[in-house]
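Derivation of every value follows stated rules applied to the coordinates shown; laboratory data play no part. Remember, predicted model here, so these are calculated numbers, not experimental data. When we count neighbours, we look across all protein chains shown, and the Cβ atoms used for this are built from the backbone with ideal geometry, even at glycine.
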Ligand code: NAD
């Protein structure tokens, strides 16, 4: 378990260096001895609106890992919101600890009070290690929370909408690459059949795609095979699968020096956050291999669009309609990347940054 004194030392040593590297606005260190809460809330950019981002509860190996994660994830949220046309900024929270053994009502409510102290500059939601039930506890202490259960007027689990956005993004990628967005007969390798991956399989299967799946969860693999006729691939072999499309729906950092050479696909389009281990090196490597890469923060924005819709008065149909815009935005990014001679992640980042700069200008006018 990380001691708060160590965390403070670490932050004191590198705090401004950490924040200024990507121009983060603020980081809040939250501690409560009674509940054992140790959390960080990072606010990256609030030009477009309040920073919205989920709360991750994770057993980090050391405090710098937690700091790095919250800074990296909050920045990703800024880009995701901006490119999706939402009036939201980027932020994220991490609670340091084991979600299975250390999470309880008091801890989540104490965290909710810290969120409340930020007076709406940060809006939280569920993420890895937290659930809609946890957001109900947070909601007992603050209104600045989304991702509530449907029974409480919320949007419930955002994963089906995220998966739908990925499906729409895969179709846009197919259209750009092959001139048709039909996936009938296309082979798709899906890495990770958890909440998003399983819903994605459903959409792909309906469209007549042939799916290959990997996961360490045997029950999920069995379900994928039984419900959607998916072919199970063992472990890492998913990278070598002879499929036109590779959809990473598990971990980040999986597109790297070791894996890119193994890929046989023509398109990489999946839900996982931060897929490129190094954005520039591996973004360019994919271009050089002739692989079209769907920028992760754009193609997986359906979940954010869904919770944003909750913030403004939830209607599932609106969330779905707004998620469908991923198709056109992705097409625009592919065209921009080609005309500028840059990789697609860079094109998406430029477009997201441009919207922030443009709106900052609007806000500075009378
Ligand atoms: P999940 O935990 O439900 O599913 C992830 C699955 O990946 C699990 O079944 C896990 O066993 C499997 N897995 C882990 N390591 C693997 C490996 N090496 N090879 C194959 N399978 C592996 O998570 P999720 O909600 O489905 O999210 C999947 C990814 O999409 C994550 O990166 C998440 O950050 C991202 N994402 C999710 C949402 C959402 O709405 N849930 C939104 C945006 C982005």
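Taking a ≥ b ≥ c as the square roots of the eigenvalues of the Cα gyration tensor, the stretch 289-366 is oblate, since a/c reaches 1.5 or more and a/b is not larger than b/c.
As an equivalent ellipsoid, the chain spans semi-axes of 32, 23, 21 angstrom, where each value is the square root of five times an eigenvalue of the C-alpha gyration tensor, largest first. Would you work out if the stretch 214-312 is rounded, prolate or oblate? Take a ≥ b ≥ c from the square roots of the eigenvalues of the alpha-carbon gyration tensor; rounded if a/c is under 1.5, else prolate when a/b is larger than b/c, oblate otherwise. Note, shape of the stretch 214-312 comes out oblate.
Seen against the Cα atoms of the chain and their longest principal axis, helix 218-228 is set at about 50 degrees. Between residue 133 and residue 62, the FRET efficiency from the beta-carbon distance, with R0 = 30 Å, is close to 0.55.
Note on the chain: GNM, Cα springs under 10 Å; of 229, 112, 51, the largest mean-square fluctuation is that of 229. Comparing mean-square fluctuations of 141, 279, 223 from a GNM of the chain with C-alpha springs under 10 Å, the top value falls on 223. Tell me, what is the FRET efficiency for residue 316 and residue 16 to the nearest 0.05, using R0 = 56 angstrom and their Cβ-Cβ distance as r? That gives a FRET efficiency of 0.85. Here the label points at residue 32 and residue 87, each 7 Å from Cα along the C-beta direction, are separated by 3.2 nm in the simple model.
The Cα center of the stretch 74-101 and the Cα center of the stretch 177-215 differ in position by 26 Å.
Between the helical axis of 195-206 and the longest alpha-carbon principal axis of the chain there is an angle of about 30 degrees.
Computed from the C-beta positions of residue 281 and residue 106 and an R0 of 45 Å, the FRET efficiency is 0.50 to the nearest 0.05. In terms of its alpha-carbon gyration tensor, the stretch 271-322 comes out prolate; a/c meets the 1.5 threshold, and the first ratio a/b outweighs b/c.
Annotation: Cα Rg of the stretch 47-175 relative to the compact-globule expectation 2.2 N^0.38 Å equals 1.09. Length available on full extension from residue 240 to residue 256: 0.36 nm per residue minus the Cα-Cα distance, which gives 4.4 nm. Could you tell me how many degrees, from 0 to 90 and to the nearest 10, lie between the Cα long axis of helix 302-311 and the main elongation axis, the longest principal axis, of the Cα atoms of the chain? It works out to around 40 degrees.
Where is the GNM fluctuation largest for the chain (alpha-carbon springs, 10 angstrom cutoff): 345, 34, 275? Looking only at 345, 34, 275, the biggest GNM fluctuation is shown by 34.
Across the chain, the mean sequence separation of Cα contacts (distance under 8 Å, 6 or more residues apart), normalised by length, yields a relative contact order of 14 percent.
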